[in-house]
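Colleague: Right, I'll just put the structure down here and ask away after.
The values are calculated or read from the model by the stated rules, or taken from the named source; none is laboratory data. What you see is a predicted model; the values in this text were computed from it and never measured. So basically every Cβ, Gly included, is an ideal-geometry build from the backbone, and we count neighbours across all protein chains shown.
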Amino acid sequence: MIPWLRVLPRPVVLVTLALASTAARAGELLIFGGPIYTGANRPAKVEAVLVRDQRIAFIGTLAKARRQARGARSIDLKGAAAYPGFVDAHAHLTAIGLRELTLNLEGTPSIEAVVDAVRAWVATHPGDDAILGRGWIETHWPEKRFLTRSDIDRAVKDRPVFLKRVDGHAAVGNSAALVLAHIDRNTQDPPGGKILRDASGDPTGMLVDNALDLMYSKLPQPSKALKREALERAVALYASRGWTGIHNMSVPGEDLTILNALAAEGRLPIRVDNYMVPEDADAVLTKGPSQDASGLVRVRGVKLYMDGALGSRGAALLEPYNDAEGSGLLVTTHEVMRPILLRALKAHAQVATHAIGDRGNRLTLDGYEEAFTQDPADAHDVRWRIEHSQILSPADLPRFAKLEITASMQPSHAISDLFFAPARLGPNRLKGAYAWHSLLDSGAVIAAGSDAPVEKGDPLVEFYAASYRHDLKGFARADWHLEEVVSRPAALRMLTWGPAYAIFRERELGTLEVGKFADITAFSVDLMTVPFAAIPPARAVLTVVDGKVVYAAPWKPR
Ligand SMILES: [Zn+2]
């Protein structure tokens, strides 16, 4: 038995120990004992990887690796399978941590269950401070409707409650929260936002997109200490799931400061590439991308929003919704966006714009294209991205490859949304929705991720969704365009090489090749051969970042 499996009983402890030992790390790791997929064409699969310092020194047969090893620490995979490091190309680290620290409503099965959860939170957290929560979604509830303030008032009426829907693009407040935010029947909808109202014109408590801030800005903001705790939780959680890196979206300056501090203290197990909120993007829009001394924390560019989300009908569509009035919300105007794009182009900074609806995507592509023609000298190879690229008009699909825009997509959204997207969009628009295969065929690069905390943030779920396009119970509707699945090697590439390309690092990350940085993920199953149903219940057993073991789990051989 290998020492790191025997000594360390529980994953949480493992991360701490692995990190604590980084100062004294041995120079070499020899990984063998299971299939090792390189992600490269030749060889695609090897017996052993030898890591020396931060980099891959050798890949090939175990016999040759042993001859080259000089006192390497051995890691026997015992039948687990290793891959290039999996990278979540779109997630929100602080919010992932806060989800663990505040009222987590993930998986609540009904309105009653939410009310009970709030009651239970009140019982264990007495006082009068605001209650924040996140993670509910009504699409498979028996009640089939959004939450209202009166639902939450039944649990607690005199203390503000603010519960974000799972997508983060809508939230419900109770009556105390509405009072705190000064929202009543006379309050106007803000531009790009909606205050939902009942038949008599009173606010129901539900706020969508830009209306969220009316309430959120009145609530106490998480302290720097709480954010630090959240970030530490999130990066440890991510390492334990097999992620070696994350593209962190909509990052405030304060969060970047905390990440830099964690890295300087040796407490950051994974790579974090940051796309800043526009308010805190001045440095990157002036001086361009940067990195910290550890090389783990980078600032890549700015994150913008074009529209809202599909579930709360904020996604901007070219034609009206199939199941409601209206065609969604545009949250940023061309006038606001244009100068940011031109500054980014000059500074060689990246722009990552959230676009879900076909109209949102078209306007983003138009905006990028127009900026490129304004400053054609700098327009080559900036690798701007569209976050989600979710519903595309067939006419716009080839524009990603043509304009060299990376499609940053979340496979799990397709298997979460299959319950409501057909109703929202109708049959015709499903054709360009979550169109991974068509995008790859067109020559576009996809960088895949999870959008956690909107989704769980699990590389296995993302791989499963990309390669199978059925929900976690194995269900998919007949009209769910299953031809848009991708092959297993393509799914692997979307979660490894794609994210590396998206941040200009495909020459040093993204595949297991000699000379590249040693970022390696091992899962308990061989993703290339096991039945699809075996993928979501599998788990990460080893995470190596920059040549260091940052997570290792107890793992019995088959
Ligand atoms: Zn997001």
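Colleague: Pull out all pairs, ordered by first then second residue, where Cβ-Cβ is under 6 Å, the residues are six or more apart or on different chains, the first lies in region 524-539 and is without any contact (Cβ under 8 Å) to a residue 40 or more places away in the chain, and the second is assigned to a loop (DSSP other than H, G, I, E, B).
Modeller: Ala534/Val525
Colleague: Another question, then. Give region 416-435 a look and list any residue that's aliphatic (A, V, I, L, M) and closer than 15 Å to Met494 by Cβ, or say none.
Modeller: Ala435
Colleague: Follow-up question, since we're still on this one. Suppose we filter region 462-506 for residues that are within 16 Å of the ligand (Cβ to nearest atom) and over 22 Å from Gly432 (Cβ atoms); how many remain?
Modeller: 1
Colleague: Being buried (at least 22 other Cβ atoms within 10 Å of the Cβ), among the aliphatic types (A, V, I, L, M) and farther than 30 Å from Arg145 by Cβ is the requirement here; does Ala352 meet it?
Modeller: Yes: the conditions hold for Ala352.
Colleague: Of everything in region 107-144 that's in contact (Cβ under 8 Å) with a residue 60 or more places away in the chain and either over 20 Å from the mean Cα position of the chain (by Cα) or more than 16 Å from the ligand (Cβ to nearest atom) (or both), which residue is farthest from Val49 (Cα to Cα)?
Modeller: Here the answer is Asp129.
Colleague: If Leu98 passes every condition in (1) in contact with a Pro (Cβ under 7 Å, 6 or more places away or on another chain); (2) within 16 Å of the ligand (Cβ to nearest atom); (3) at pLDDT 95 or above but one, which one does it miss?
Modeller: All conditions pass for Leu98, except number (3).
Colleague: Then there's this: Can you pull out every residue in region 286-314 that is hydrophobic (A, V, I, L, M, F, W, C), in contact with a helix residue (DSSP H, G or I) (Cβ under 8 Å, 6 or more places away or on another chain) and modelled with pLDDT under 95?
Modeller: Leu310
Colleague: Another one. Among the residues of region 164-190, write down those that are part of a loop (DSSP other than H, G, I, E, B), closer than 19 Å to Ala316 by Cβ and touching a strand residue (DSSP E or B) at 6+ places or on another chain (Cβ under 6 Å).
Modeller: Selection gives His169, Asp189.
Colleague: All but one of (1) of a type in the set (D, E, K, R); (2) under 28 Å from the mean Cα position of the chain (by Cα); (3) more than 16 Å from the ligand (Cβ to nearest atom); (4) at pLDDT 95 or above hold for Lys64; which doesn't?
Modeller: Status for Lys64: all satisfied but (2).
Colleague: Within region 240-261, identify whether any single residue is among the basic types (Lys, Arg) and closer than 22 Å to Pro453 by Cβ, and answer yes or no.
Modeller: Looking through region 240-261, at least one residue is among the basic types (Lys, Arg) and closer than 22 Å to Pro453 by Cβ.
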